[in-house]
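Asker: Mind having a look at this structure? Questions to follow.
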Amino acid sequence: MPDALIVGATGMVGRAVIARFGSAPVTVLARREVEGLAPYHKALVAPSERWGDIIAAEKPAVLISCLGTTIRQAGSQAAFRAVDHDLVLAGARAARAGGAPHMIAVSSVGAAAKSGNFYLRTKGETEDDLIALGFDRLDLIRPGLLRGDRPGPQRLGEGLATVAAPFTDALLHGRFRRYRSISGDRVAAAIVRLAGQGGLGVHIHENDDIRALAD
């Protein structure tokens, strides 16, 4: 397993990625202490303004970004973009400056730079900007609704959608299968599988591909 550095480790997918790495050493960079880390994990705690310098100095073989918030949580569209675009790109640029050949980033199903939806447009612009950085290999993970235990307060809308997921998923077929819900742990399993893969190019992974990688 290559030397990996994770940002966004306090969220549902990030925590699951750390667990999925098992006993493999991994570096975890966060704004606050991450609970439950093992002695063989390298924990780095710093304000996000310092992340770029830290990532460049660490020189990871693969940068894994599980960063993501919502407009409601962030408080405004500008604050949302500052995390889901600006902070992701800052980490990616630093990784490239440190010589990282590989990045894995969690995006969203429907991400498109020309979308009329602000959330999906931001995700799409982030993807395009990551591609432009020229990683040897870039894996973009596009899950639908994420199921699992989230840290922090319960989001009412997501809670209702999760309850309805078994019914709505059954209605999604063909090209709409990519919108089916998926567990955060399964996404994490796919990410760890990708971290150990070689190869070149830009790879976009949606529902069926994520499940295949996880299995």
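The values are calculated or read from the model by the stated rules, or taken from the named source; none is laboratory data. Treat the numbers as computed from the prediction; the structure is a model and nothing was measured. Quick reminder, even Gly has a Cβ in these numbers, built from the backbone with ideal geometry, and neighbours come from all protein chains shown. Side chains are part of the model used for accessible areas, which takes the heavy atoms of the whole protein and leaves out ligands, DNA and RNA. Shrake-Rupley method; radii C 1.70, N 1.55, O 1.52, S 1.80 Å.
Asker: Here are several values of Kirkwood radius over Cα pairs in Å: (1) 17.9; (2) 17.4; (3) 19.3. Which one was derived from the coordinates shown?
Answerer: Structure-derived value, by its label: (2).
Asker: Separate question: Around Ala188, with a cut-off of 12 angstrom between Cβ atoms, what is the net charge of the other residues, counting Lys and Arg +1 and Asp and Glu -1?
Answerer: Result for the local shell: +3.
Asker: Measure nothing but the geometry: give the 0 to 90° angle between the long axis through the Cα atoms of 88-97 and the longest principal axis through the Cα atoms of the chain, rounded to 10°.
Answerer: That works out to roughly 30 degrees.
Asker: Now, a different point. Using only Cα atoms, tell me the angle between helix 184-195 and the longest principal axis of the chain; keep it within 0 to 90° and round to the nearest 10.
Answerer: The helix 184-195 is inclined about 40 degrees to the chain.
Asker: Sorted by accessible area (1.4 Å probe), largest first, how do Lys42, Lys114 line up?
Answerer: Result, largest first: Lys114, Lys42.
Asker: If packing is taken as the average number of other Cβ atoms within 10 Å across a peptide's residues, how do 115-121, 92-98 rank, most packed first?
Answerer: Output ranking for 115-121, 92-98: 92-98, 115-121.
Asker: Let me ask you something else. Could you give the accessible area per residue of the chain, probe 1.4 Å, as a whole number in Å²?
Answerer: On the way: 10440 Å² over 215 residues.
Averaged over the residues of the chain, the accessible area is 49 Å².
Asker: So what's the angle, to the nearest 10 degrees on a 0 to 90 scale, between helix 156-171 and the longest Cα principal axis of the chain?
Answerer: Once rounded, one gets 70 degrees.
Asker: As an exercise, identify the chymotrypsin sites (Phe, Trp or Tyr not before Pro) in region 1-72 lying in DSSP coil whose Cβ has no more than 12 other Cβ atoms within 10 Å.
Answerer: Sites meeting the loop and neighbour criteria: Tyr40.
Asker: Still on this structure: Using only protein heavy atoms and a 1.4 Å probe, report how much of Ile6 is accessible, in Å² to the nearest 10.
Answerer: 0
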